[in-house]
Amino acid sequence: MTPTELTQLLDPPNKRFDGHLILNDDNAQWTLSFVKGQLLYVADQLHAVRRWNRVLKQFFPNWNWPSESLTAIDPKTWQLALLDQGVQQQQLSLIRAKLLIRKVTQECLFELSHRSHLQSDWQPRSLSISRACHSIALSVWEVKMTLSQVENMQQQWQAAKLERLSPDLSPVLKKGAPTECLPVPSQYLNGKLTLWDVADQKSQSVTELIQSLLPLVDKGFLEFQSIPDIPLPQIRVNTSFVPVAQSSSQSAVSQVKSPQLPLSKAPVAPPKSQANASESKAVVACIDDSPVLAHTLKKILESAGYEALTIQEPMRGFSELIEHQPSLILLDLMLPNADGYSVCKFLRDTPVFEKTPIIILTGKNKPIDRARARLAGATEFLVKPPQPEELIQMIEKHLQR
């Protein structure tokens, strides 16, 4: 399936209603759930529980979801029910819930990219989820970024000539095979983990992992096998939710904006007093893929008493932005896999950053460029390389406000 076909796939038949898009071929099935025309979750039939469990542990390691006191739910949509419960009960922060959805979507779309002749069935259905859960559905920009990542993965996969393999397979070390100098520890090669599972645990791309294992396959020491999904626990969803009414909406808004939400894996520190806040350094994030400019900005900021947070790739560094919640953001327009206008719009649509000053840095200085920056939500516009005095004055002006 080509990137264009994947893009068309994520364009729901009805952009206003909720529902499920069911895709299947002779061997597998995927369910794409949409709310108000936005993608909320993608579930595959083969390893739905395994994938959910693995990705959830990556972003929310402390939530033991099968042990909750819950009421019976539809086995076809249990992920949506758990997402809704987790968001409403603040077991899941909104931003990390979005990252979880993007990770699952990326993997499923990558698998779909290897399929052809898919049959589709749009099933309109009202999804009974809270307004807070609505907010974690992927925006058009997030879907675009995810598709870009899938396309890069697809190109790497084809360049490595791995079309005959699937990341859903499990690597199995044959009996009698030597265990010295293995590219990964032997406990990962016991037929209990998929290649997706092993790649995540080793913090590798799945393409790099398979390439490292192929020499063992060529020597007859390793083979890839299909394995079943792990069983779905007898889970139930708690019915004691806040009613989805005005009070629920206000609760959801306060949840997004509260600085005490568990937005990172580490415990969140209590709010600082005014005295302590004035003594600490204000954090300024620099989103720029140029190491030279990033180093220059860091020197300027640190010499003025600020703490610099350098981010070269916006989406990979998004969790860092959430964790540190900078007082101000310096944003370059030319970024890998994205343009600064889209990133700025995305940040403005994220409640945590809707009021954070964002200063656009660019070599373009035409009126139309400034107009686009304003429309995207930029606070200020500065031509790079910035002059140190001008930059610091602009930062101080907005931080004083």
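The values are calculated or read from the model by the stated rules, or taken from the named source; none is laboratory data. Everything numeric here is computed off the predicted structure, so don't read it as measured data. All Cβ positions, glycine included, derive from the backbone under ideal geometry; neighbour counts span all protein chains shown.
The residues of the range 339-364 that are buried (at least 20 other Cβ atoms within 10 Å of the Cβ) and among the hydrophobic types (A, V, I, L, M, F, W, C), listed by number, are V343, C344, F346, L347, F353, I358, I359, I360, L361. One residue stands out among those in the range 135-158 that are closer than 21 Å to V198 by Cα and in contact with a helix residue (DSSP H, G or I) (Cβ under 9 Å, 6 or more places away or on another chain): the one that is surrounded by the fewest Cβ atoms within 10 Å (Cβ to Cβ), which is Q156. Of all residue pairs spaced 6 or more apart or on separate chains, those with beta-carbon atoms under 8 Å, a first member in the range 22-50 that is under 18 Å from R102 (Cβ atoms) and assigned by TED's automatic domain parsing to the domain that holds T7 and a second member that is part of a strand (DSSP E or B) and aromatic (F, W, Y) are L32/Y41; S33/Y41; L40/F34; V42/W30; A43/W30; D44/W30.
Tell me yes or no: at least one residue of the range 369-387 is at positive phi, touching a helix residue (DSSP H, G or I) at 6+ places or on another chain (Cβ under 9 Å) and either of a type outside the set (V, I, T) or assigned to a loop (DSSP other than H, G, I, E, B) (or both). Yes, because at least one residue in the range 369-387 is at positive phi, touching a helix residue (DSSP H, G or I) at 6+ places or on another chain (Cβ under 9 Å) and either of a type outside the set (V, I, T) or assigned to a loop (DSSP other than H, G, I, E, B) (or both). When S120 is tested against (1) over 22 Å from L40 (Cβ atoms); (2) small (G, A, S); (3) loosely packed, with under 14 Cβ neighbours inside 10 Å, exactly one condition is not met: (1). When we screen L99, L109, L94, L82 for residues that are among the aliphatic types (A, V, I, L, M), within 19 Å of Q201 (Cβ to Cβ) and either surrounded by fewer than 20 Cβ atoms within 10 Å (Cβ to Cβ) or out of contact with any Pro (no Cβ under 6 Å at 6 or more places or on another chain) (or both), the only hit is L99. Applying the criterion of being polar (S, T, N, Q) and modelled with pLDDT of 80 or more to the residues of the range 305-334, the residue that is surrounded by the fewest Cβ atoms within 10 Å (Cβ to Cβ) is Q325. If we scan the range 73-83, do we find a residue that is out of contact with any Lys or Arg (no Cβ under 8 Å at 6 or more places or on another chain) and closer than 21 Å to F318 by Cα? Yes, the range 73-83 contains at least one residue that is out of contact with any Lys or Arg (no Cβ under 8 Å at 6 or more places or on another chain) and closer than 21 Å to F318 by Cα.
In summary, T207 fulfils each of the numbered conditions (1) touching a Phe, Trp or Tyr at 6+ places or on another chain (Cβ under 9 Å); (2) crowded, with 17+ Cβ neighbours inside 10 Å; (3) not in a helix (DSSP H, G or I) with the single exception of condition (3).
Of the residues making up the range 1-57, those that are polar (S, T, N, Q) and in a loop (DSSP other than H, G, I, E, B) are T2, N14, N27, Q45.
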